[in-house]
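Step one of this worksheet: look at the structure below.
The values are calculated or read from the model by the stated rules, or taken from the named source; none is laboratory data. Note that the coordinates shown come from a computational prediction; the quantities given were computed from them, not determined experimentally. Neighbour counts are summed over all protein chains in view; Cβ atoms, including those assigned to glycine, are modelled from backbone coordinates with ideal geometry.
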Amino acid sequence: MARRKKIYEGKAKTLFEGPEPGTLVQYFKDDATAFNAEKKDVIEGKGVLNNMLSEYFMTGLTNIGVPNHFIRRLNMREQLVRACEIIPLEIIVRNFAAGSLSKRLGIEEGTALPRPIIEYCYKDDRLGDPLVGEEHIAAFGWASQQDMDDIVSLALRVNDFLSGVMYGVGIKLVDFKIEVGRVYDGDFQRLIVADEISPDSCRLWDVATGQKLDKDVFRRDLGSLTDAYTEVARRLGVMPKGSAVPIKPTLIN
Ligand code: UDP
């Protein structure tokens, strides 16, 4: 079989050239990293779980009209996605204080925020993805004012959707990160949600017990990461208990 052309290799995923122009194959690896890759491990099965969970969330977003890059899942580890120009920002939405916000501002983890807070980090591993403000984004031309309005609107829609879906299965959405990319439809350009939505990029706490069901389990050595992600997948019905076979989410046209 001919080797596919690798377009980009990140810490948790690899992108290959897709079968048609304007598409990419996104491969989910088992590699886990934290603290800007200072902590590393291979967690068997993580890639499969994140592939299924990202498919589930992106399909849900499509069904409520939030544009995103997901086209279809190809197999246990790969999905076909629309190619886009990634805006070099990590867009973080927070509902409760945790992680770097708690550290920076001295707010106890778990404190409810008066409104969702959106933060931006400049995507640059060498710099450790520094927090930036809208002034930096405008001055350095990373996104236009129109892009920023669209990014806020996308981020808040994803937040409402994900918060509701997770609450429905007894999980609190504390915070999450998305990435956004630019696509061209004829003469028009627009922004779509890209990358992945998975427990690698969200903080998810059990509503009743506060148990962490996200990458903090790995960051803070709290137990088995696959057990935590499997529990999220099981509650959502993405992966029934005891099964390695995912349930395919339905795309509503
Ligand atoms: N996050 C992410 N990738 C990053 C940085 C953060 O997916 O490179 C997610 C993280 O999982 C959490 C949210 O963004 O859900 C907020 O992360 P925070 O700024 O608190 O950073 P951390 O404490 O993870 O360093």
Checking THR111 against (1) of a type in the set (Ser, Thr, Tyr); (2) surrounded by 14 or more Cβ atoms within 10 Å (Cβ to Cβ); (3) within 17 Å of ARG203 (Cα to Cα), the condition it does not meet: (2)
Take the residues in region 224-238 that are among the β-branched types (Val, Ile, Thr) and assigned to a helix (DSSP H, G or I), then tell me which one is nearest to the chain's Cα centre (by Cα). VAL232
Which one of the conditions (1) touching a Lys or Arg at 6+ places or on another chain (Cβ under 9 Å); (2) closer than 26 Å to MET52 by Cβ does CYS121 fail to meet, given that it meets all the rest? (2)
Return the pairs, sorted by first residue and then second, in which the second residue is loosely packed, with under 15 Cβ neighbours inside 10 Å and at pLDDT below 95, the first residue lies in region 217-242 and is within 15 Å of ASP206 (Cα to Cα), the beta carbons are less than 6 Å apart, and the residues are 6+ apart or on different chains. ARG234/LYS241
MET58 - would you say it is within 24 Å of MET166 (Cα to Cα) and over 15 Å from the mean Cα position of the chain (by Cα)? no
Of the residues in region 54-79, those that are away from the ligand (no atom under 15 Å from the Cβ) and in contact with a Phe, Trp or Tyr (Cβ under 8 Å, 6 or more places away or on another chain) number 11
Number of the exception - ARG3 against (1) among the basic types (Lys, Arg); (2) crowded, with 19+ Cβ neighbours inside 10 Å; (3) over 18 Å from ASP195 (Cβ atoms): (2)
Taking GLY133 as meeting all but one of (1) within 15 Å of the ligand (Cβ to nearest atom); (2) under 16 Å from the mean Cα position of the chain (by Cα), write down the number of the exception. (2)
How many of the residues in region 173-190 are under 16 Å from the mean Cα position of the chain (by Cα) and not small (Gly, Ala, Ser)? 8
Checking LYS177 against (1) crowded, with 18+ Cβ neighbours inside 10 Å; (2) more than 30 Å from GLU9 (Cα to Cα); (3) of a type in the set (Lys, Arg), only one condition comes out false. Which one? (2)
Scope region 114-147; condition surrounded by fewer than 16 Cβ atoms within 10 Å (Cβ to Cβ), in a helix (DSSP H, G or I) and touching a residue at least 40 places away in the same chain (Cβ under 8 Å); matching residues: ASP125
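Go through region 156-223 and tell me which strands (runs of 3 or more DSSP E), entirely inside it, have 2 or more residues that are near the ligand (Cβ under 9 Å from one of its atoms).
On the way: elements: 171-185, 188-194, 202-206.
It comes to 171-185, 202-206.
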What's the total number of residues in region 13-50 that are more than 16 Å from the ligand (Cβ to nearest atom), surrounded by fewer than 12 Cβ atoms within 10 Å (Cβ to Cβ), free of Cβ contacts under 8 Å to residues at least 24 places away in the same chain and farther than 18 Å from GLY223 by Cβ? 2
